[in-house]
Structures are given as C-alpha cells and as structure tokens.
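This report concerns only the one structure given below.
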Amino acid sequence: MAQDVERLRADGVDKELVREGSGPLPDFRDGTKATFHYRTLRCGDEGQPLDCSREQGKPMELIAGKKFKLPVWEAALRTMRPGERARFRCDAKHVVLYPMVAKSLRNIAAGKDPLEGQQHRCSMAQLHTHCSLGYPDLDELQKNPQPLIFDIELLKVEPPGSYQQDPWAMTDEEKLQAVPQIHKEGNELYRQGKVQEAAAKYYDAIACLKNLQMKEQPGSPDWIELDQKITPLLLNYCQCKLQCEEYYEVLDHCSSILNKYEDNVKAYFKRAKAHAAVWNVAEAQADFAKVLALDPSLRPVVSKQLKSLEARLREKDAEDKIRFKGIFSQ
C-alpha cells in the first residue's frame, strides 16, 4: 500500500488518513465493487461540500476496470481498507471531468435522467463547449478547474461475481441483454403492488437504453429502434408516478413522448389523468378527446374518467362557495 500512496503523491494526489480500516488490503482486480461515501471539498474552503453522498441518500458504488470517468477515485480506493476514511487532495488535472460526473450523480439522486442535457459528443468535446450543466457551482468549476479534496469512507469491497451489477456499471452488450429482465422484474413488482420499487426498475431499464442511445446519431435507425424500446418503459414508469401522485413528472414525460409519437394513445390517456389531477380541466378534456379519436373502443373508460372529473369539479365548486361565503360574510 505504501508504494501505491507514493505513486499517488508523485502524480499529484496527497492522502491524509482520517481513520484506519481493518483487515488486509483488498485485491482490486477488474470487476471488484467498492461501496463508499464521499464528500467533495474545495481546497481552502472546506466548510460546505460541493457534493456529499450521505446528503444524497445513497453511497457511491464503483467497479474496478470499468473506465469510470474519474480514474482518481479508483486509484484512491486501491489504497484503502474497509472501514477506512481518508482525504485525498487531487491536483486539477485529475478532476477536470468532475463537474460532468457530479451532474450525473446529482441527477440520479434527484430521480432525473443522469444523461439529461448531454449532447451526442465525447466527454472532452462536451467539456470544451462550456455548455451549462444546470448547476452554477459546477459551471464555475468547469470553466475554472481547480484542485479538489475527496473525503472518502470505504464501506465494503465485493469481489467479482459476488454481487448483482448496477446498470451504470454494465458494458453496452450487458445493458442491452439486461433490459428485458429488468422490465420483467418491474412488471412483477407492479403486480405485487410495490409501485415505487417497480418505478425504480423501469428507471434502471430506461437508463440502460438512454446510455446506449446517447452513442447513436439522433434520428438514425439505431437511435429510433432504441427510442421505441424506451417508450413503453417510460409509459410504465409514468403509470407508477400517477399512483404515487407525482403528476407533473407524468405531464413532462408523456409530453416528451407525444412530441415524437403523436398517435400514442397511452401517453394521451396518462397525460389526461395527470391534467385532471392538477385541475387542468381543459387540457384533460382535450387529451381524453384525443384518446377517443385515436381509439373509439376506449369510450367506456374515458367516459368513466370524465364523469369522475365532473364529480370532483362539482365538489370543488361547492367547497369554494362555502369558503368564499365565509370570507364575504365577515
């Protein structure tokens, strides 16, 4: 380990041990999975971290040999034992891509697409365009790279074959092969009433396909084929979000589908239900009308939804009259 630490120091990475770990130094051969918490700090301004995995609610997982965009993390972890906590001060050359990595991790923590906002170009090309990442602190760091400190606590190390891979850690071929199984697991969880768990599965499957789609030219046959695989998964995800009463997310996703596929009945139907839930009455009625125009056989289902909306409107009007009567009688 001492030799690894010396090599890091010679390359511009200084390690400061905060708490010793236990056991032998793990064998980080390719495929080894490290689970750890991290805090990212600016040198000289260590009070408020840029990012903190504990605050994001989930530890970071990294698989050795998968060419993670921040190689310095893997190099640092190779010097640590489980339970150990250490600080690594890294020269700017090691953290040039940190803003893009941090954006993806923040998006994941917020339940967003980790590739949101990225364009069809390589990482370095994206970096040099200086497009906004959607986070002012990361934009500033992207324009003016500087040394950073990573405060890392290694939780556990798992050898290859002893764990189930997360989608982000798979190869392109593994992702494509995994999607049908992940989709099936999502459907089974939904049937069991485990809606949030099902949504997470659909999200993982979508992320796999989105990652592959990013590598294709938009509008190309391969891009379109992947998009057509994404759409039913996204509709299943929206169904889960409807049940979780996250209506605005449903509106966003269904609208994105309809911008590309104007005859998607399921997208109109789910968007209509979301509009109705947030009292966008005209929009709900218009979407339900579109459903009937595309598939008249759904008239009984649509009629039931419209009657439910009308009943809710009557209840709301009655409540408003009582409330306003109390205000004006004072």
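Total residues in the stretch 252-270 satisfying the condition of being hydroxyl-bearing (S, T, Y) and touching a Lys or Arg at 6+ places or on another chain (Cβ under 7 Å): the figure is 2. List every residue pair whose Cβ atoms lie under 6 Å apart, where the two residues are 6 or more positions apart in sequence or sit on different chains, the first residue falls within the stretch 1-13 and is closer than 11 Å to D91 by Cβ, and the second residue, located anywhere, is open to solvent by 50 Å² or more (accessible area, probe 1.4 Å) and of a type outside the set (F, W, Y). Final answer for the pair search is G12/D91. Do we have G219 as open to solvent by less than 20 Å² (accessible area, probe 1.4 Å) and either over 30 Å from T32 (Cβ atoms) or touching a residue at least 40 places away in the same chain (Cβ under 8 Å) (or both) here? When the stated conditions are applied, G219 does not pass them.
How many residues, within the stretch 123-150, are open to solvent by less than 80 Å² (accessible area, probe 1.4 Å) and at pLDDT 70 or above? Of the residues in the stretch 123-150, 16 are open to solvent by less than 80 Å² (accessible area, probe 1.4 Å) and at pLDDT 70 or above. Picking from residues in the stretch 78-103 that are in contact with a Pro (Cβ under 9 Å, 6 or more places away or on another chain) and surrounded by 20 or more Cβ atoms within 10 Å (Cβ to Cβ), the one that is nearest to K58 (Cα to Cα) is K103. For the stretch 54-67, a residue qualifies if it is over 11 Å from F36 (Cα atoms), in contact (Cβ under 8 Å) with a residue 12 or more places away in the chain and surrounded by fewer than 17 Cβ atoms within 10 Å (Cβ to Cβ), and the qualifying residues are Q56, G57, G65, K66. Scanning the stretch 138-183 for residues that are closer than 27 Å to R9 by Cβ and not in a strand (DSSP E or B) turns up L141, Q142, N144, P145, Q146, P147. Figure legend. Inter-residue proximity from the stretch 281-295: first residues surrounded by 21 or more Cβ atoms within 10 Å (Cβ to Cβ), second residues of a type in the set (D, E, K, R) and assigned to a helix (DSSP H, G or I), beta-carbon distance below 8 Å, spacing 6+ or different chains. Indicated pairs: A284/K273; D287/R271.
Restrict the check to the stretch 192-199 and report whether at least one residue is open to solvent by less than 70 Å² (accessible area, probe 1.4 Å), basic (K, R) and out of contact with any helix residue (DSSP H, G or I) (no Cβ under 6 Å at 6 or more places or on another chain).
no
The values are calculated or read from the model by the stated rules, or taken from the named source; none is laboratory data. Note that the structure is a prediction, hence the values are computed from the model and not measured. Heads up, the Cβs are rebuilt from the backbone with ideal geometry, glycines too, and the neighbour counts pull from every protein chain shown. For accessibility, only protein heavy atoms count, side chains too; no ligands or nucleic acids. Shrake-Rupley method; radii C 1.70, N 1.55, O 1.52, S 1.80 Å.
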